[in-house]
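Coordinate-derived values only; no laboratory data. For clarity, every value in this text was computed on a predicted model and none was experimentally measured. Ideal geometry is used to build each Cβ from the backbone, glycine not excepted, and the neighbour counts take in all protein chains shown.
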Amino acid sequence: MNPSHPSYDCLKETERLLYRLRSKPMKICWGMKDWCFDGVFLQHWRKRFPEASISEFPNAGLYILEERIPNVDAPLIPPNDQFPWC
């Protein structure tokens, strides 16, 4: 993306503020078939949030929470009582 794109400023500001989330408990579910946010992006997220719990889904794309994913028995989002802040 270049600075002339209408979303550029918003995305740069979002990126700048992501550090604020680093200390928060985090679960990242990544669809590896996403045509845009591919494995390269995931590597950046691993570096940015090293304490995050990360699950890769090789047969899922961008809308991972809406897709039917074979061989996934557990819900992607745990019940509220399993989050440390509840």
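Couple of notes before you dig in:
- Model label sites at Thr14 and Trp35, defined 7 Å from Cα along the beta-carbon direction, differ in position by 1.9 nm.
- For the pair Leu21 and Ser55 in one chain, pulling the backbone fully straight at 0.36 nm per residue adds 10.4 nm over the alpha carbon distance.
- Length gained on full extension, Ile28 to Gln43, computed as 0.36 nm times the residue gap minus the Cα-Cα distance: 4.2 nm.
- Here Lys24 is the anchor, and the lysines within straight C-alpha reach of less than 23 Å, apart from those fewer than 8 places off in the same chain, are Lys12, Lys47.
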